1. What does the convex hull of the Cα atoms of the range A:61-139 come to per residue, in Å³, rounded to a whole number?
2. For a quick check: with amide H placed at 1.01 Å from N, whose amide H comes under 5 Å from B:Leu159's, ignoring anything fewer than 5 positions away on the same chain?
3. May I ask for the net charge around B:Phe47, where only other residues with Cβ less than 12 Å from the Cβ of B:Phe47 are counted and Lys, Arg are +1 while Asp, Glu are -1?
4. Could you work out the mean count of beta carbons from other protein chains within 10 Å of each residue's beta carbon in B:129-139?
5. May I ask for the net charge around A:Gly125, where only other residues with Cβ less than 11 Å from the Cβ of A:Gly125 are counted and Lys, Arg are +1 while Asp, Glu are -1?
6. Whole Å is fine, so just give me how far the alpha carbon centre of the range A:180-217 lies from that of the range B:139-161.
7. Enumerate the calculated ³J(HN,Hα) couplings along the range B:125-134 in order (Karplus 6.51 cos²θ - 1.76 cosθ + 1.60, θ = phi - 60°), each rounded to whole Hz, writing x wherever the residue is Gly or Pro.
8. How well do other chains shield peptide A:86-96, expressed as the mean number of their Cβ atoms within 10 Å of each residue Cβ?
Amino acid sequence: MNHWLHILLITLLLGGCVNSTVQQVRERETGIVEGQSVVILGVSNRPSATETEVGFIDCVAGDLERSSSEIRVIPVETFKDLTFPWFEPRTAPDKANQLPALLAKPRLAAQLDKIGLRYLVWVDGRTRRTSSAGSIGCSIAPGGGGCFGFLTWDEDASYEATIWDTEDGRTAGRISSDAEGTSYMPALVVPIPIIARVQNNACKSLSDQLQAFLVNK
Amino acid sequence: MKPKYRHSSIAHSPPAGRSSLLAALLCLVVAITAGCGTVQVELESNFPVPLVEPLPATVGIVISEDLLSFRHDEEIADAGSYELTLGRAPIDLFNSLGAGVFGSYQLLESVPEDGAFDGYLRPNIQQIQFAVPKQTRSEYYEVWIRFDFEFLDEEGTPLSNWMLPSYGKANEGDYGNAGAALQAAALSACRDAMAFFSLNLSSQPNAKPWLEQTLGGANSAAPPAISKEETR
């Protein structure tokens, strides 16, 4: 028992602090029934210089799938292959008002119907390191080695999910998830990382909110 | 018979601390020298079949030896040397493209003499360029591929060409090493070319004479042109 208590305390101590905020704007009623599915896509339209991290998209999709038995999430790569070439960076729609024209393509419409796609969720944003300070020096000698110093850095994760409803070809709502936190790494012979899981926090907040938004119960 | 190698006593083996230090140094040397080698990338992928209305034509897609053996070598200052080969990618790519875009197709090594096809498409790669994060001070490996699609009539006479530039990028943070990221960027560029080709072939001015011939002059049988506004 004491062993587990120690592990819990060390885990809590080694985790940096994270502040997160989630905001939601609902434009119309939502709901999902058995047989319908959702896909989470990262915004990568040209000529954007950046794109949402693949790891973040996978994290949101995985969390959403696990959080509710009612929501079936199609993996993004599978979806892009099944609907190729309509959701590639150069061809994907970037506004909801382009969705009706796209859904009018017979072959694409039949494919979307086959996979039961109800909601397209576009996730835009990134996690950035906003500042860092300190330094750590390490040395190795024949008698041993070690590190000494202190590092700290701040990260900011800012993401926005836009939900398109394929039933009426319009935007159903938007959810934004922001998180910021500071990580530390003191080193006295051995570096001890105290990491603020900023991106993970933003992912969890976004997927929880998305689940509530889509199920709408 | 005595074993050839044997520790005479435990006292002769190095102390545990020193052996782990040696192991750590060895790992460091291996890690540093690994970064100095050539990054070899061979494209391998199953490309999806485009979900478009196929053109009512029987087309021979000529995959030349030049395309199959295409190789791009580049040495980038402070970022090592790179070697990119296509492997089976051209065969997979044009098999999928042919299956989606044309009513009937066949991959060929050269233009046959029997004239069994309405027309021929001979793809080639004119140029490949790439950039690594160190060069652009970004997080992305980027690949540009300039495809050259040559349109030939039913007798194998060249009619026109379509130079199609494509682009792909991959975030280095999403992949374990430079080779994997560069391969992802190159595959993304191939998909980009496939996507653009399949959606814009019927509206491409350079392909018009060929389309008119392969479709028996009935260009109206081709699917309607897909405008940029419609696809974006």
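We did not get these values from a lab; they are worked out from the coordinates using the rules stated. Remember, it's a predicted structure, so these values are computed and weren't measured experimentally. Glycine also receives a Cβ, built like all others from the backbone with ideal geometry; neighbour counts cover every protein chain displayed.
1. Each residue corresponds to 194 Å³ of Cα convex hull volume.
2. B:Phe151, B:Leu152, B:Asp153
3. Details: positive: A:Lys80, B:Arg88, B:Arg191; negative: A:Asp81, A:Glu88, B:Glu44, B:Asp92, B:Asp192.
Value of the local net charge: -2.
4. 1
5. Net local charge, A:Gly125 excluded: -4.
6. 46 Å
7. Once rounded to whole Hz, the list reads 10, 7, 7, 10, 10, 8, 9, 10, x, 4.
8. Values: counts 6, 1, 9, 7, 11, 11, 3, 3, 1, 1, 0.
The shielding value for this peptide is 5.
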